[in-house]
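The values are calculated or read from the model by the stated rules, or taken from the named source; none is laboratory data. Quantities reported herein were computed from a predicted structural model and do not represent experimental measurements. Cβ coordinates were reconstructed from backbone atoms using ideal geometry, including for glycine residues, and neighbour counts include every protein chain displayed.
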Amino acid sequence: MNGPLLVRNCEVVGFRRGISAAGAVNGHTFERITLRGQTQFGLENEGQAISIRKLQSDNAVPAIQTYGTLCLMEATLIGREDAVGVPAIINYNGGRIHLRDITTHGYLRAVGDVETPDAFAARRIVGPDKTGSEGPNVNEYFSHAATRLFPSALQSLRLSVKETPKIPMDPLRLWANVDDFGADPTGQTDSSEAIQKAIDSGATTVFFPGFYTLTRPIRIHGSVQRILGVGAWIDYNHHTKPDFIIEDGVSSTVMIEHFSHVGGGIEIATRRTVVFRSVSDCDLNMTDKAEGGELFFEDFVTHDRKLKKQRVWARQLNVENEGTHIISDQSDLWVLGYKTERGGTLLETRGGGRSEILGGFSYTTTAGKLAAMFVTDNSSVFAFFSEVCYNGEPFESLVRETRQKITKTIRRGEGGVTPYVSLPK
C-alpha cells in the first residue's frame, strides 16, 4: 500500500522478483527500469495501479505477471532459454492492461491474458490464449473495451513525450545557502529578507537546508536556475501567498526540488520552462505571462490546477483537492501516473486541448456524486484510469463530453475509463 511514488533510472539484477507490488493504493510510476536475471518474474503486480515507460527486461521467465491496473509503454522484453514457452506478459484475474509499443524476443507471444496464472504452471501454453494474439510485438492493446461517447479511433493520443530538462549540479562556489544571509532554519522567525538577498546574490543554486517562515513573496529571477531543499517546508502556516514568484531570468529553465510543503504556493509569471521535482502540497498560480510555457512535474503533489495555453509533462502527479482538480484549457497535458483523492471533476479539458492520462486511479475519499470524473468540451482526451473507493460513494458519472453543441454522459455501469477515448476529427 505504499506510494504514490516515482522510480526512475533503476536496474535490478537477480532475485526471484525484481519488482514486487501489491495492494490497491496508492500508485506506482516507473520510468527507465532494467530487470535482469530474475528466477520467477521480472515484475509481479498483485492489484496495484502501475504506470511504466521504457522498461527493459532480459530474463528466462515472464517479464511481468499482473492483475490490477497496468499501463506499459515503450518496452523491450527479451526472453532467454526456457522463456520460449511462456508469454512476456501474463495478465490474469481480470486485470486491466494497456500496452503500447512493446517489442519482445524469445517469448511464445507478447501477451497471455487469462483467467488465472495456472495455465502457465507447466511453463507452456496449449493452444491460443483468449486474446488471439500470437505476435511478438504490440503496437497498442487494451484488455477491456474502450468507452467512447462519440465516434473515435480506438487508440491513445500519442502526444509527443518530452524528457525532463537536466540542469547539472553547479560547483559549490555558485551556490547560495540562505542561512549564510541570515535566514532562520528553525522557522521561528521571518526569513523573507534573507532569502531574497540570497536570490539576488548572483548564485545559480539557492540552497534551503532547514525550515523557513515567510511574510512576503520571494522573487526568483536573475542568475538563479535551481531552488533546492532537503524535504522540509516553506511557510508552513501560510503567512503569505504566493511564497515564490518565478519571473524572467538568465536561465531558460528553473528547477524547484525537494520540498515537503510550500504553504503559500508558487506563482509562475514567465514563459521560462519550470521543473518541479519531489515537491508536495504546492499550489500553483499561472499568470498571463506563463502562457506558451512548458512545465515538468516529477513526483508532484498540488491542488486545483489550472492550465492555459501550456505544454505539461508529468511523471507521477497527485492532486487531492475537493472540487475540480485540473482544468486544461487550450493546453497539451501528458501524465504518466495520475493519482487523485476526494470528489469533484478530476480533469476538465476544453478549448481544443489535448490530455493523455497513462495510468493511475482515483482514491475517492469523499462523495463521488459531486461531478463527473472526466469532463471534455470539444477537445481530445485519452485516459487509462481506475477507481478505488472504500466509503461507498464512488463516482456516479464517469464522463461528460460535449462535441459541437451535443452533450452526452456515461454513468457508472454504462462504461469505464480504462480506457476512455475522445478523438474528434
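Across region 152-179, what is the total count of residues that are of a type in the set (V, I, T) and not in a loop (DSSP other than H, G, I, E, B)? Before you say what the answer is, go through the steps one by one.
Taking region 152-179 as the starting set, the residues that turn out to be of a type in the set (V, I, T) are 161, 164, 167, 178.
If we keep only those that are not in a loop (DSSP other than H, G, I, E, B) as well, we get 178.
Qualifying residue count for the region: 1.
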request  = Scan region 334-342 and give yes if some residue there is closer than 18 Å to L157 by Cβ, surrounded by fewer than 23 Cβ atoms within 10 Å (Cβ to Cβ) and touching a strand residue (DSSP E or B) at 6+ places or on another chain (Cβ under 7 Å), otherwise no.
outcome  = yes
When every residue in region 147-186 that is of a type in the set (G, A, S) and in the same structural domain as A314 (by TED's automatic domain parsing) is compared, the one nearest to R8 (Cα to Cα) is A176
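Out of P185, P171, I need the residue that is at pLDDT 95 or above, surrounded by 14 or more Cβ atoms within 10 Å (Cβ to Cβ) and not polar (S, T, N, Q). Which one? Don't jump to the end; show me each part of the working.
Working: P171 fails: surrounded by 14 or more Cβ atoms within 10 Å (Cβ to Cβ).
Every option except P185 fails the conditions.
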Q. Is it fair to say T349 is assigned to a strand (DSSP E or B), touching a residue at least 40 places away in the same chain (Cβ under 8 Å), crowded, with 21+ Cβ neighbours inside 10 Å and not assigned by TED's automatic domain parsing to the domain that holds M73?
A. no
Using the structure shown, decide if E356 is outside any helix (DSSP H, G or I), closer than 28 Å to S160 by Cα, touching a residue at least 60 places away in the same chain (Cβ under 8 Å) and charged (D, E, K, R).
yes
The number of residues in region 230-287 that are outside any loop (DSSP other than H, G, I, E, B) and either crowded, with 22+ Cβ neighbours inside 10 Å or not acidic (D, E) (or both) is 35
Selection over region 7-41 where residues are closer than 18 Å to T340 by Cα, assigned to a strand (DSSP E or B) and either in contact with a Gly (Cβ under 7 Å, 6 or more places away or on another chain) or not assigned by TED's automatic domain parsing to the domain that holds L77 (or both) yields a count of 2
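Residue-by-condition table, conditions (1) closer than 23 Å to A24 by Cβ; (2) in contact (Cβ under 8 Å) with a residue 40 or more places away in the chain; (3) among the β-branched types (V, I, T); (4) in the same structural domain as I52 (by TED's automatic domain parsing):
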| residue | (1), (2), (3), (4) |
| --- | --- |
| T324 | no, yes, yes, no |
| D332 | no, yes, no, no |
| T340 | yes, no, yes, no |
| A367 | yes, no, no, no |
| A372 | yes, no, no, no |
| G392 | yes, no, no, no |
| V399 | yes, yes, yes, no |
| Q404 | no, no, no, no |
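From the set of residues in region 212-229 that are among the small types (G, A, S) and over 18 Å from K289 (Cα atoms), which is surrounded by the fewest Cβ atoms within 10 Å (Cβ to Cβ)? Even if it seems obvious, please write down each step before you answer.
Taking region 212-229 first, the residues among the small types (G, A, S) are 222-223, 229.
Checking the rest, the ones that are also over 18 Å from K289 (Cα atoms) come to 223, 229.
Details: S223: 17, G229: 22.
Per the stated criteria, the residue is S223.
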Going through region 316-333 in order, the residues found to be more than 19 Å from H261 (Cα to Cα) and either polar (S, T, N, Q) or buried (at least 23 other Cβ atoms within 10 Å of the Cβ) (or both) are T324, I326, S328, Q330, S331, L333
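Would you kindly identify the strands (runs of 3 or more DSSP E) lying entirely within region 42-151 that contain at least 2 residues that are at pLDDT below 90 and either surrounded by 19 or more Cβ atoms within 10 Å (Cβ to Cβ) or in contact with a Phe, Trp or Tyr (Cβ under 7 Å, 6 or more places away or on another chain) (or both)? Talk me through it step by step, then tell me what you get.
Working: elements: 64-79, 89-91, 96-105, 111-113, 138-142.
Qualifying strands (runs of 3 or more DSSP E): 111-113.
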